[in-house]
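Notes to accompany the following structure.
The values are calculated or read from the model by the stated rules, or taken from the named source; none is laboratory data. This one's a predicted model, so the numbers in the text were calculated from it and none came from an experiment. Counting neighbours? That spans all protein chains shown, and the Cβs are built from the backbone with ideal geometry, glycine included. Areas reflect the complete protein model, heavy atoms only, side chains present, ligands, DNA and RNA absent. Shrake-Rupley method; radii C 1.70, N 1.55, O 1.52, S 1.80 Å.
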Amino acid sequence: MSLDDTLPDASAGVGPIRAAPRDGAASLRLQLYEAVRAEGRVSRASLAKALRVSPGSVTPAVADLIGAGLLREVADAAPASGRGRPPVTLAVEPGAALVAGLRLSDREHTAALIDAAGRTVASASAGRAPGDGTVAALVEEAGALLDRLLATAGVAIGAVRAVGVGLPGLVEHGSGTLRWSPIAEGTDAPLAALLSDRMGVAASVDNDTNLLTVAELWFGKGRGLSDFAVVTVENGVGMGLVVGHATYRGARGVGMELGHLCVELDGALCRCGRRGCLEAYVADYALEREAGPDLPEGEIVPLLEARMAQGDPVAGAVLEKAARYLALGLGNVSNLFDPRHVILSGSRSRWSPADAATLAAAVAAHTLSAPPPIEVNAWDDLIWARGAAALALSDATPGLVA
Ligand SMILES: [Zn+2]
């Protein structure tokens with residue numbers, strides 16, 4: 001059975017769109033494969049031009065990739081003139097790989113299964129179990145959710161090449177270690193190894209904001225950008241940085257903690273235990289603390305906005321103060337990294353493009369040169385899991401193509 005028959009067209013491609021061939025040791029096979037995946041449909045001649053190699057070197061490498069079941073030829077529609085052979089383009093063979101992605105959070109876990117062309121084959125979600133809060137319990141929840149995802153898709157674990165898992169906290173992607181997370185007790189757990197054991201497949205882990213960053217690189221506004229920052233503001237403040245079309249994580253993989261950038265010495269208490277972190281002025285829990293004890297249950301920002309609209313001066317002041325601190329944080333990001341764009345991303349994005357324009361004006365007050373454009377990208381809930389799956393596919397691609 002071909003999954004291709006039932007899924008949306010993949011001709012738009014997925015993954016970073018590079019303006020120039022990448023530096024370093026990537027083989028021609030890998031570069032060709034990634035270029036086809038990014039373009040969706042592309043001719044051999046266009047590939048040679050884009051990668052700045054001779055058509056004569058593209059032809060045998062493409063033949064190898066087709067022979068290995070990784071690429072396929074697609075006949076485009078016949079020319080309007082009706083004369084001549086229809087042009088043949090190349091596309092990724094979608095069934096060449098399946099990878100899964102999971103996003104674990106304090107409220108709901110989500111999962112997505114994608115094919116080699118980046119299309120979502122199946123999805124699943126589960127509420128956070130009232131477990132004992134340990135890493136072992138979280139691993140079991142993740143394993144059970146993967147089981148459910150595969151049952152939904154009618155796929156056995158043996159067909160899954162890799163699983164990517166993201167969660168909030170200090171997560172070392174390289175070593176697979178969970179240093180600390182607000183959703184699991186304990187420190188320094190070998191999370192990737194524990195997940196691999198439970199799931200029976202290679203698992204990698206990352207900070208959840210990096211899932212969104214990968215999602216922007218693969219599916220979103222960052223596909224054609226070489227350098228950009230992704231910022232999320234929800235129950236914490238997260239940041240991802242892309243440098244040269246790749247996620248930058250710092251030497252140990254625990255950098256970009258924008259939420260814990262100190263913006264006030266001896267300031268408000270943060271969830272991390274320190275004082276004056278940006279998060280302690282901007283995140284949902286900070287707004288709830290500032291707004292006082294008589295708030296009903298619900299999303300804090302819409303609640304405060306409704307009160308502000310009714311003339312409540314406290315609600316207006318809380319939101320205004322949070323926006324001023326966020327502008328300070330984004331101004332510092334601009335001064336340090338000079339990103340081409342800042343994308344305010346997430347499935348619960350509280351920002352509208354109009355808010356982003358106001359925010360950009362406030363950011364400019366903190367930057368030495370003109371600040372980057374600030375864009376809003378509000379996704380559905382599944383985007384975190386799709387980003388996790390794209391992370392797994394990205395990591396698995398060199399092995400797939402080798
Ligand atoms: Zn903090």
**Asked** Relative to a virtual label point 7 Å from the Cα of ASP106 in the Cα→beta-carbon direction, which members of segment 264-288 show backbone nitrogen distances below 14 Å?
**Response** 270-273, 279-288
**Prompt:** How big is segment 162-303 by Rg and Dmax over its Cα atoms, in Å?
**Reply:** 16.5, 48
**Item:** ³J(HN,Hα) computed for each position of segment 37-51 - Karplus, 6.51 cos²θ - 1.76 cosθ + 1.60, integer Hz, glycine/proline x
**Value:** 4, 6, 7, x, 9, 7, 8, 4, 5, 5, 4, 4, 5, 5, 8
**Fill in**
To the nearest 20 debye, segment 307-376 has a Cα-centred charge dipole, built from +1 on Lys and Arg Cβ and -1 on Asp and Glu Cβ, of 140 debye
**Protection proxy ranking of 390-399, 230-239, 178-187 - average other beta-carbon atoms within 10 Å, highest first** = 230-239, 390-399, 178-187
**Complete:** A 1.4 Å probe over the protein heavy atoms gives the chain a carbon and sulfur accessible-area percentage of 54 percent
**Listed residues ALA360, ALA136, ALA323: farthest to the positive end of the dipole of the chain (Cβ charges)** = ALA360
**Item:** Spatial extent of segment 79-228: Rg and Dmax, with the Cα atoms as the point set, Å
**Value:** 18.3, 69
**Message:** Just to confirm, what accessible area per residue do you get for segment 335-396 at 1.4 Å probe, in whole Å²?
**Reply:** 45 Å²
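Rounding to the nearest 20 debye, state how big the charge dipole of segment 31-184 is about its Cα centre with +1 on each Lys and Arg Cβ and -1 on each Asp and Glu Cβ. Can you show the working numbers first?
On the way: 15 positive and 14 negative charges, 145 e Å.
Using Cβ point charges on Lys, Arg, Asp and Glu, segment 31-184 gives about 700 debye.
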**Message:** Charges at C-beta only: +1 for Lys and Arg, -1 for Asp and Glu. How large is the resulting dipole of the chain about its Cα centre, in Debye rounded to 20?
**Reply:** 1500 debye
**Item:** Value of Rg/Rh across the chain [Cα atoms, Kirkwood radius]
**Value:** 1.00
**Fill in**
Spelling it out for VAL74: with amide H atoms placed in the peptide plane at 1.01 Å from N, the residues 5 or more places away or on another chain with amide H under 5 Å from its amide H are THR89, LEU90, ALA91
**Asked** Non-local amide H neighbours of LEU269 (under 5 Å, H modeled in plane, Pro and chain starts lacking H): which ones?
**Response** GLY276
**Message:** Tell me whether segment 316-383 comes out rounded, prolate or oblate; compute the Cα gyration tensor, take square roots of the eigenvalues as a ≥ b ≥ c, and use a/c under 1.5 as the rounded threshold.
**Reply:** oblate
**Prompt:** In Å, what Rg and Dmax follow from the Cα atoms of segment 279-339?
**Reply:** 13.3, 41
**10 Å-binned pair-distance histogram of segment 276-402 (Cα, whole percent)** = 11, 33, 32, 17, 6, 2, 0
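Two decimals, Cα atoms only, Kirkwood Rh: what is Rg/Rh over segment 132-205? Intermediate results must be reported in sequence, preceding the final value.
Values: Rg = 12.2 Å, Rh = 12.5 Å.
Rg/Rh for segment 132-205 comes to 0.98.
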**Item:** Difference of contour (0.36 nm per residue) and Cα-Cα distance, LEU265 to ARG252
**Value:** 2.1 nm
**Fill in**
Residue separation between ALA309 and SER43 times 0.36 nm, minus their alpha-carbon distance, gives in nm 90.2 nm
**Asked** Applying 1/(1 + (r/R0)^6) with R0 = 45 Å to the Cβ-Cβ distance of ALA137 and ALA354, what FRET efficiency is obtained, to the nearest 0.05?
**Response** 0.60
**Message:** Placing +1 on the Cβ of each Lys and Arg and -1 on the Cβ of each Asp and Glu in segment 258-399, which of ALA291, SER369, SER345 has its Cα farthest towards the positive end of the resulting dipole?
**Reply:** SER369
